[in-house]
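Just so it is clear, none of the values below were taken in a lab; they were calculated from the coordinates. A quick note: this is a predicted structure, and the numbers were derived from the prediction, not measured. Glycine also receives a Cβ, built like all others from the backbone with ideal geometry; neighbour counts cover every protein chain displayed.
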Amino acid sequence: MGAFFGAASRRDVTLDVFFGVDYHSHLGTRRAGMVMRDGNGVFNREIHSIENTPFRTKFERDLLTFRGCTGIGCISDSDPQPLLIRSHLGVFALATVGAVVNSEQLIDTFTGVGHQFMAMSSGDVNVTELIAALINTQSSLIEGIQYAQEQIEGSLTLLVMNADGSLIAARDKMGRLPVLIGKDDDGYCVTFESFAYGKLGYVDEYELGSGEIVRITADGYETLVPARDEMRICAFLWVYYGYPNSNYEGQNVEVMRYRNGAIMAKLDEERGLLPDVDYVAGVPDSGLPHGIGYATESQKPFARPFVKYTPTWPRSFMPANQEVRNRVAKMKQIPVPELIAGKKLLFVDDSIVRGTQLRETVDFLYGAGAAEVHMRSACPPIMFGCKYLSFSRSNSDYELIARRKIRELEGDEGEAHIAEYADGRTERGHCLLRSICEDMGFDSLNFQTLDGMLEAIGIDRHKICTYCWTGKE
């Protein structure tokens, strides 16, 4: 996915931007960059690969040359950025986050009228450069941002640093990602994760609405384009990739996960599906709070039968080589034999997407002597690949374990009954659960219901994106 952090102040904010971006490392694993504007209005930029080395270690040396009262930085799962742009709109730095599904069509439109893009080594065009090209077709920066957001299919949240030292932040027109402003005695910052600026001495100031565009300086902020009423914020912010102490739309991530686990346990109990287990556990790390909520509600002991060893490989998919990634994922799982051998265990995971690593986890648990392994997913079965934030990126929906199983069970006919398969109370839902259990080696499996997950999030459900489960906009 990705994220950004920016600050405008009456003091040097180099360290604020450095640590602010670093605190978003859980949201991106490929590229990162920082741009600072010094007292003479000169931009200083660095971009590094973070695929095999964390952000902090790559940018520590750059701190010796970075200075400025205004700066932005980003962390990304995709292209190198922020980019420095020079056009009739002036010189500005640009960072973008989101997904542009129709990028190739837009590129073809530009190249068809003689526009040239710098190709990356892969031959692809940097999406942020494409967004800059869209912005630059208009007569003002704000009109350009709005135009770019209208032209793309997917989502677009962005941050601009102008030559005059001001920042322009624009939240996606459907509000699929959060954008929050923090304040301290010397200025303001703008970012995704509220805890990031809290640790830097800023306090909550303002949360942008869908499509809202604001201008930020050291002296304050102003809304340039008001928020829209319609919103589709991503549910996975709470379920999976949001950091535990962050808040979105007033709802804390960790609290939501406790609540979500409790709702799952209550539903299992009401349906007579609560198994007799020795321990309830969460699949580390994001599954832990869901598991705590489940254990508390079910009054079953909570335990950590295995932990992840993360000092050397904080993210299992960081290595470039797939064989190394698979080995790292296995090496990270450190068992506590006394809590596994001969025990009946129930695990709660944040989601079950493709199931590859989860199957290896189950084999690992049985190999360590587990008597039973029951699994619960903190969200419904994922039926559609995300086209807005690339959360569940795939070449085909049939890489998703639920859709793959539906096709195995019923072929093309199953496509007409996806909603039934997603509901564990129906005959088709039972068939899906049994098929996944047989494939994965679970003794039982249940998914959180869509209603239960939305209840746990706690905001107007019509403001939450549920495309991954329903396939509806």
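Using the Karplus relation 6.51 cos²θ - 1.76 cosθ + 1.60 with θ = phi - 60°, the per-residue 3J(HN,Hα) values for region 215-230 come to 10, 10, 10, 5, 9, x, 9, 9, 7, 9, 10, x, 6, 8, 6, 6 Hz, with x marking Gly and Pro.
Report the percentage of all Cα-Cα pairs in region 2-231 whose separation exceeds 29 Å, rounded to a whole percent. Everything past 29 Å amounts to 20 percent. Sequentially through region 142-149, phi angles give Karplus couplings (6.51, -1.76, 1.60; θ = phi - 60°) of 5, 4, x, 4, 4, 4, 4, 5 Hz, Gly and Pro residues having no value and appearing as x. With respect to the chain, whose longest principal axis is taken over its alpha-carbon atoms, helix 427-440 is tilted by about 90°. Helical content alone sets the calculated 222 nm signal of the chain at -8500 deg cm²/dmol, taking -39,500 (n - 2.57) per DSSP H segment of four or more residues and averaging over every residue. Here's the picture: charge each Lys and Arg Cβ at +1 and each Asp and Glu Cβ at -1 in region 212-266, and of Thr223, Met264, Phe236 the one pushed furthest to the positive end of that dipole is Met264. In order along region 86-102, the phi-based Karplus estimate (6.51 cos²θ - 1.76 cosθ + 1.60, θ = phi - 60°) of 3J(HN,Hα) comes to 10, 8, 5, 8, x, 9, 8, 9, 9, 10, 10, 9, x, 8, 10, 5, 9 Hz; Gly and Pro are listed as x.
As a rough footprinting exposure proxy, the listed residues Tyr294, Tyr388, Tyr398, Tyr279 were ranked by other beta carbons within 10 Å of their own, and the order from fewest upward is Tyr398, Tyr279, Tyr388, Tyr294.
Our summary of shape: the Cα atoms of region 35-105 have principal axis extents of 41, 38, 13 Å, ordered from largest down, in whole angstrom. Just want the answer: with Cβ charges of +1 for Lys and Arg and -1 for Asp and Glu, which residue in Leu389, Ile340, Met453 is farthest toward the dipole's positive end in region 251-470? With unit charges placed on the Cβ atoms, the residue in question is Leu389. The Rg/Rh ratio of region 251-470, with both radii computed over alpha carbons and Rh defined as the Kirkwood radius, is 0.95.
Extension gain, Glu415-Glu150: 0.36 nm per intervening residue step, less the Cα-Cα distance, totals 92.3 nm.
Can you pick out the pairs among Lys173/Lys199; Lys199/Lys308; Lys173/Lys472 whose Cα atoms lie more than 20 Å from each other?
Result: Lys173/Lys199; Lys199/Lys308 exceed 20 Å.
Annotation: peptides 163-173, 230-240, ranked by per-residue average of other Cβ atoms within 10 Å with the highest first, follow the order 230-240, 163-173. With q set to 0.22, 0.28 Å⁻¹, the log10 of I(q)/I(0) for region 17-67, from the Debye formula over equal scatterers at the Cα positions, is -0.77, -1.12.
For the chain, the longest principal axis of the C-alpha atoms and the axis of helix 401-410 are separated by about 50°.
At q = 0.13, 0.23 Å⁻¹, work out log10 I(q)/I(0) for region 389-473 with the Debye formula, treating every Cα as an identical point scatterer and leaving solvent out; two decimals please. Results for region 389-473 at q = 0.13, 0.23 Å⁻¹ read -0.47, -1.27.
Kirkwood radius for the chain, taken over all pairs of different Cα atoms as the inverse mean of 1/r, rounds to 23.4 Å.
Of Ile292, Ile464, Leu200, which is farthest towards the positive pole of the chain's charge dipole, taken about the Cα centre with +1 and -1 on the beta-carbons of Lys, Arg and Asp, Glu respectively? Result: Leu200. Given +1 at the Cβ of Lys and Arg, -1 at the Cβ of Asp and Glu and no other charges, the dipole of the chain around its Cα centre is 940 debye to the nearest 20.
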